[in-house]
Amino acid sequence: MKTWVIPARLEQIDLICSELRRWLTEQNMQAHQFGFELLLREALNNAILHGCKLNPDRHVEIEFSRDDCELKIKVKDDGPGFDWHSVIQRDIVETERENGRGLKLYQLYSDHFEFNDPGNQVTLVRLTNQENSSPTSQNKREGT
């Protein structure tokens, strides 16, 4: 498991994504790089822009972990969170919008995702079994 706490600055995203690529290489999981990096970038953007409101005095916690069958990313900001229950119920499908695409990306590139109750932490999971993990696989969503 790898963990970081970073200031809420957009320039930190590229640094953490570099760490993700290095970590995936160490885990011999480079085949998951594109999807996992896309998920990480979206989660970090949401945490920094919306959760922390670009306040560099606020922080974002990131965790990468792996077990025998899955890779996992957790991203948590110290903001108040958001009402993810109502957003999931609306089931956003407008992918042409400039914002609001995060859930769609989570659905497409993770095998499972969930938010904590306040909505300031997202956990994104990709199965490492190639037969069960794909950009179009069905997703289980907490709270639906």
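The values are calculated or read from the model by the stated rules, or taken from the named source; none is laboratory data. From a predicted model like this one, the values you see are computed outputs, not experimental measurements. Cβ sites come from the backbone with ideal geometry, for glycine too, and all protein chains shown count toward neighbours.
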Quiz item: Counting only residues that are part of a strand (DSSP E or B) and of a type outside the set (V, I, T), how many does region 44-65 have?
Solution: 5
Quiz item: Of all the residues that make up region 27-37, how many are of a type in the set (D, E) and either under 13 Å from L127 (Cα atoms) or at pLDDT below 95 (or both)?
Solution: 0
Exercise. Hey, can you tell me all the residues within region 1-16 that are out of contact with any Leu (no Cβ under 6 Å at 6 or more places or on another chain), farther than 15 Å from D57 by Cβ and part of a helix (DSSP H, G or I)?
Key: D14, L15, I16
Quiz prompt | Test: D68 is part of a loop (DSSP other than H, G, I, E, B) and touching a Ser or Thr at 6+ places or on another chain (Cβ under 9 Å) | solution = yes
Self-check item: Pairs where the first residue, in region 22-41, is touching a residue at least 12 places away in the same chain (Cβ under 8 Å) and of a type in the set (D, E) and the second is assigned to a helix (DSSP H, G or I) and surrounded by fewer than 17 Cβ atoms within 10 Å (Cβ to Cβ), C-beta under 6 Å, 6+ apart
Solution: none
Quiz item: Is at least one residue of region 87-96 in a helix (DSSP H, G or I) and touching a residue at least 24 places away in the same chain (Cβ under 8 Å)?
Solution: yes
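Within region 60-77, how many residues turn out to be more than 21 Å from D111 (Cβ to Cβ) and surrounded by fewer than 17 Cβ atoms within 10 Å (Cβ to Cβ)? Break it down into steps so the answer makes sense when it comes.
Looking only at region 60-77, we keep the residues that are more than 21 Å from D111 (Cβ to Cβ), and these are 60-61, 77.
So of that shortlist, the ones also surrounded by fewer than 17 Cβ atoms within 10 Å (Cβ to Cβ) come out as 61.
Within region 60-77, residues that are more than 21 Å from D111 (Cβ to Cβ) and surrounded by fewer than 17 Cβ atoms within 10 Å (Cβ to Cβ) number 1.
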Exercise. Could you please find all residues in region 81-140 being under 24 Å from E61 (Cα atoms), modelled with pLDDT of 55 or more and of a type in the set (K, R)?
Key: R101, K104, R126
Exercise. Could you check, for region 10-17, whether at least one of its residues is among the hydrophobic types (A, V, I, L, M, F, W, C) and free of Cβ contacts under 8 Å to residues at least 24 places away in the same chain?
Key: yes
Self-check item: Any pair with Cβ under 6 angstrom, 6 or more apart, that starts in region 63-84 at a residue that is acidic (D, E) and ends at one that is outside any loop (DSSP other than H, G, I, E, B)
Solution: E63/T3; E63/K74; E70/V125; E70/L127; D77/A47; D77/G51; D77/V60; D78/H59
